[in-house]
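Notes follow the structure.
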Amino acid sequence: MTNLFFYGTLRYLPLLELVLGRSGQDLAAEPAMLPDHAVHAVQDQAFPMILEAPGAAARGILVQNLSAQDIERLAFYEGGFDYDLHVKEVVLEGGSPVSAQVFFPAPGLWTPADPWSLEKWVSEWGAMTLLAADEVMGYFGKVDASRIARSFPAIRTRAWAKLAAQQRKTGDGRSAGDDVIVHRHTRAYIDYFGMEEIELQHRRYDGSMGPVLNRNGLMQGAAVVVLPYDPLRDTVLLVEQFRTPVFLIDDPEPWMWEPVAGMIDPGETPEQAAHREAMEEAQVSFSRLEYAGGAYSSSGSSTEYIHLYVGIGDLTASINNGGLATEGEDIRSRILPYAEFMDMVDRHVFKDLPLLSLAHWLARNRDRLRG
C-alpha cells in the first residue's frame, strides 16, 4: 500500500474518483501540507505545478493505503502531464510527519505563473477537466501514457467542444436520455483525433425503439472558419495548404484553397479563435466579424461543429509563410476580386464546403456590407 500527497487538481474529489475508478468514500484521505514548497499555476495551461519555496507550505490532501491498481491509474493519468513521483515528508494537521509520494513536473518543463487556487480552478476548468479525464481514463490499459501526453492538447480541445455542445439547444422537445439506449460505448483509437464506437438504439418516429445499431464517430473539437472580406476594395482572401485526408482519398490535388480556419482552444470563444487564426494563417486583422451560422460539418461521421464568419478588414497584402511551424503548417494566401472569386465558385474550382457556404452567404449580404 502507498501514500500519496495531492496538491493540485486531484484534490478535487470528483476528478480523483474518476481517475481511480472508485468512490472517494473508500479513501483514507485527510488534509496535509508539504513544507518549503508552493503551488503555482502553469503558464498558458489549466493545471498547477509545485515548486521549492523555503518557508512556504503547499496545502493538499494525503491519501493513504492506495493499492497497486490505484498507483497504476494515477501514474497513467499524471503521465499525460509529464509528472514523476518523488518521496517527500508531509505534515498532517495535528503535526505528525508522514512519508508520501508526490507528483513533480520534470525540471524546466513548465513555466510557473501566479499562486494557484483550487476554488478558482474548479469554477473555470473543473467541468472541462472531468470530461478530458474521462476520455484519458477510457484509454487506460489500451495505450501508454506517452500517447496520452502527445494527444492531451487535442483531448482538452474536444472536452471544451463537448461543454459547448451540451448547451446547443434549438427547442427540440425529445430527450436523448429517454429516447436513446446505449448498450456499449468504447474508445477505439486516439491520436490527434479520437475514434469512438457505440452500440445503441433510438426511438423511431412510430414510437417504438429501433434495432441495435453499431456506429462510430470521429471525435473532434469545435472549429472556426472565417472568410476575410474587404468591402472597400471588394476583395476576399483565401489561404492554401496541403490537406492529408484529401491526399489519402487519392485526390491528385491535395493543396486546398480555403477560408482561414482552426480549432477553438480551451478557454476561447469562437470569436477569439477567429481573430487568432486569421493572424496566424494570413497575418490579417479584422475590424469586426459577421456571424454566418454554425453547423456540424459531417454529422454522420464527425463531431466537429463549425462556426462560420466573414471577417471585415483591409486586405492589402498576401503572404507565403503563414501558419505555425510548431504545427507543421505551410500556408500561402491570395487576394481575389469578388467577381473573380464568385466566377471560380460557379465554375466549381473550389473543393472546400465551408468556403462554398461562406461564398453564398457573402453573395446574399455583400450589398449590406458594402453599404
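The values are calculated or read from the model by the stated rules, or taken from the named source; none is laboratory data. Because the structure is a prediction, the values reported are computed rather than measured. We place every Cβ from the backbone using ideal geometry, glycine too, and count neighbours over all the protein chains shown. Ligands, DNA and RNA are excluded from the accessible area calculation, which covers all protein heavy atoms including side chains. Shrake-Rupley method; radii C 1.70, N 1.55, O 1.52, S 1.80 Å.
Filtering region 347-362 down to residues that are over 27 Å from the mean Cα position of the chain (by Cα) and more than 19 Å from residue 292 (Cβ to Cβ), which residue is surrounded by the most Cβ atoms within 10 Å (Cβ to Cβ)?
Taking region 347-362 first, the residues over 27 Å from the mean Cα position of the chain (by Cα) are 347-350, 359-362.
Then drop every residue that is not more than 19 Å from residue 292 (Cβ to Cβ), which leaves 347-349.
On the way: 347: 8, 348: 8, 349: 10.
Among them, the one singled out is 349.
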message: Return the residues of region 100-139 that are open to solvent by 50 Å² or more (accessible area, probe 1.4 Å) and hydroxyl-bearing (Ser, Thr, Tyr); say none if nothing qualifies.
response: 111, 123
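If you scan region 313-359, which residues turn out to be among the acidic types (Asp, Glu) and in a helix (DSSP H, G or I)? Give the steps one after another, and end with the answer.
So in region 313-359, the residues among the acidic types (Asp, Glu) come out as 314, 327, 329-330, 340, 343, 346, 352.
Scanning region 313-359 gives 327, 340, 343, 346.
Please tell me if residue 240 is out of contact with any Gly (no Cβ under 8 Å at 6 or more places or on another chain) and farther than 24 Å from residue 46 by Cβ. Can you show your working first?
Numbers: out of contact with any Gly (no Cβ under 8 Å at 6 or more places or on another chain): yes; farther than 24 Å from residue 46 by Cβ: yes.
Against the criterion (out of contact with any Gly (no Cβ under 8 Å at 6 or more places or on another chain) and farther than 24 Å from residue 46 by Cβ), residue 240 qualifies.
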message: Exactly one of these conditions fails for residue 46: (1) modelled with pLDDT of 90 or more; (2) hydrophobic (A, V, I, L, M, F, W, C); (3) touching a Ser or Thr at 6+ places or on another chain (Cβ under 9 Å); (4) open to solvent by less than 20 Å² (accessible area, probe 1.4 Å). Give me its number.
response: (1)
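Hey, among 91, 39, which residue is of a type in the set (A, V, I, L, M, F, W, C), more than 19 Å from residue 130 (Cα to Cα) and out of contact with any Phe, Trp or Tyr (no Cβ under 7 Å at 6 or more places or on another chain)? Steps first, please.
Values: 39 fails: out of contact with any Phe, Trp or Tyr (no Cβ under 7 Å at 6 or more places or on another chain).
On inspection, the qualifying residue turns out to be 91.
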- prompt: Is there any pair linking a residue in region 140-167 that is open to solvent by 80 Å² or more (accessible area, probe 1.4 Å) to one that is not in a helix (DSSP H, G or I), with Cβ under 8 Å and at least six apart or on different chains, and which?
  reply: 142/187; 150/191
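Of all residues being farther than 25 Å from residue 161 by Cα and touching a Phe, Trp or Tyr at 6+ places or on another chain (Cβ under 9 Å) in region 243-275, which is most open to solvent (accessible area, probe 1.4 Å)? Just the residue, please.
Filtering region 243-275 for residues farther than 25 Å from residue 161 by Cα gives 247-257.
Now narrow it down to the ones that are touching a Phe, Trp or Tyr at 6+ places or on another chain (Cβ under 9 Å): 254-257.
Numbers: 254: 5, 255: 149, 256: 17, 257: 46 Å².
Checking each candidate, the answer is 255.
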statement: Filtering region 75-99 down to residues that are over 33 Å from the mean Cα position of the chain (by Cα) and surrounded by 14 or more Cβ atoms within 10 Å (Cβ to Cβ) yields 88, 90, 91, 98
message: Looking only at region 257-266, count every residue that is in contact with a helix residue (DSSP H, G or I) (Cβ under 6 Å, 6 or more places away or on another chain) and not in a loop (DSSP other than H, G, I, E, B) and tell me the total.
response: 4
Within region 200-212, considering residues that are open to solvent by less than 50 Å² (accessible area, probe 1.4 Å) and in contact with a strand residue (DSSP E or B) (Cβ under 8 Å, 6 or more places away or on another chain), the one farthest from residue 154 (Cα to Cα): 210
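State whether one or more residues within region 363-370 are touching a residue at least 12 places away in the same chain (Cβ under 8 Å) and closer than 22 Å to residue 281 by Cα. Steps first, answer last, please.
So the first thing to find is which residues in region 363-370 are touching a residue at least 12 places away in the same chain (Cβ under 8 Å), and the list is 363, 365-366, 369-370.
So of that shortlist, the ones also closer than 22 Å to residue 281 by Cα come out as none.
Among the residues of region 363-370, not one is touching a residue at least 12 places away in the same chain (Cβ under 8 Å) and closer than 22 Å to residue 281 by Cα, which makes the answer no.
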- request: With the condition kept exactly as written, say whether any residue in region 225-239 is outside any helix (DSSP H, G or I), open to solvent by less than 70 Å² (accessible area, probe 1.4 Å) and free of Cβ contacts under 8 Å to residues at least 40 places away in the same chain.
  value: no
- line: In the set 285, 333, the lone residue that is open to solvent by 50 Å² or more (accessible area, probe 1.4 Å), small (Gly, Ala, Ser), touching a helix residue (DSSP H, G or I) at 6+ places or on another chain (Cβ under 8 Å) and over 14 Å from residue 224 (Cβ atoms) is 285
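Within region 19-43, take every residue that is surrounded by 20 or more Cβ atoms within 10 Å (Cβ to Cβ) and within 25 Å of the chain's Cα centre (by Cα) and give me the one that is modelled with the lowest pLDDT.
41
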message: Going by what's in this entry, would residue 67 be described as hydroxyl-bearing (Ser, Thr, Tyr), open to solvent by 20 Å² or more (accessible area, probe 1.4 Å), more than 19 Å from residue 110 (Cβ to Cβ) and out of contact with any helix residue (DSSP H, G or I) (no Cβ under 7 Å at 6 or more places or on another chain)?
response: yes
- prompt: aliphatic (A, V, I, L, M) and touching a strand residue (DSSP E or B) at 6+ places or on another chain (Cβ under 8 Å): does that describe residue 154?
  reply: yes
message: Which residue is farthest from residue 95 (Cα to Cα), if the candidates are limited to region 1-18 and must be in contact (Cβ under 8 Å) with a residue 40 or more places away in the chain and open to solvent by 30 Å² or more (accessible area, probe 1.4 Å)?
response: 18
